[in-house]
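What follows is a short report on a single structure.
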Amino acid sequence: MLFLVVFMIHEYEEIIMFRRWIDRNRGELRKRFPKIESFFTRHGPFDYSTSTFAVGTAHEFILVSVVSFCSVWTGQYQLWFAALTGYSVHLLMHIVQWIVYRKYVPVIITSLLTLPYCIYSFVEFSKVTVLSFSQMIFCSYIPRFFVYLIIFFHHLFLIYYLLPNVETYP
């Protein structure tokens with residue numbers, strides 16, 4: 001269950017820093033990465049307020065929490081392992097963003113601080129699981145596919161319906 005705490009520490013940095021960072025760095029992003037900036041401008045995330053961004057983060061936290069609790073309850077940790085793998089890839093993506101941008105990006109601090117937890121969790125999981133390394137890799141792909149599919153449809157709902165309406169909610 002420590003995964004939920006680590007996940008939220010990372011998300012808090014993202015929630016707190018995202019809006020201010022975008023406001024200060026959007027011009028540079030437009031100059032250095034015009035296609036990426038244009039894509040995110042068209043799809044809306046650069047215009048999200050802090051509260052809108054927090055709603056999306058709460059959604060992700062609920063999904064990760066459900067996966068974690070169900071894994072503990074059933075003793076089947078493949079979905080939890082898939083969530084941990086997805087979160088780890090997410091952290092690696094932030095680290096790559098930081099390397100490419102060559103300046104602070106929101107969540108780099110917690111990405112660097114929480115990645116060791118992910119590595120530790122992978123090592124410990126491999127010690128206690130009855131699955132071989134190749135089975136763990138295989139098992140993480142199948143549940144991850146379904147987790148990503150669920151997240152994809154939830155994100156479509158969030159991006160195109162819920163989040164645009166957060167700002168207009170009475």
Check your understanding: Tell me, what is the 1.4 Å probe accessible area of residue 88, in Å² to the nearest 10?
Key -> 10 Å²
Check your understanding: Of all the accessible heavy-atom surface of the range 41-101, with the other protein chains kept in place and a 1.4 Å probe, what percent is carbon and sulfur?
Key -> 77 percent
Review point. Roughly speaking, what is the stretch gain from residue 120 to residue 32, that is 0.36 nm per residue apart minus the C-alpha to C-alpha distance, in nm to one decimal?
Key: 28.1 nm
Point to revise | Per-residue SASA entry for residue 8, accessible area with 1.4 Å probe, Å² rounded to 10 | key: 30 Å²
Exercise for review: First measure r as the distance between the Cβ atoms of residue 100 and residue 1, then evaluate 1/(1 + (r/R0)^6) with R0 = 22 Å and state the FRET efficiency to the nearest 0.05.
Suggested key: 0.05
Exercise for review: Can you grab the distance from the C-alpha centre of the range 69-125 to the C-alpha centre of the range 1-49, Å, no decimals?
Suggested key: 17 Å
Check your understanding: Does the range 19-67 come out rounded, prolate or oblate, given a ≥ b ≥ c as the square roots of the eigenvalues of its C-alpha gyration tensor, rounded meaning a/c under 1.5 and, failing that, prolate meaning a/b above b/c?
Key -> prolate
Check your understanding: Taking only the alpha-carbon positions of the range 1-84 and ignoring solvent, what does the Debye formula give for the base-10 log of I(q)/I(0) at q = 0.15, 0.19, 0.21 Å⁻¹?
Key -> -0.67, -0.86, -0.94
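The values are calculated or read from the model by the stated rules, or taken from the named source; none is laboratory data. None of these values were measured; they are calculated from a predicted model. For neighbour counting, all protein chains shown are included, and Cβ atoms are generated from backbone atoms with ideal geometry for every residue, glycine included. Note: accessible area is taken over every heavy atom of the protein model, side chains too, but ligands, DNA and RNA are not part of it. Shrake-Rupley method; radii C 1.70, N 1.55, O 1.52, S 1.80 Å.
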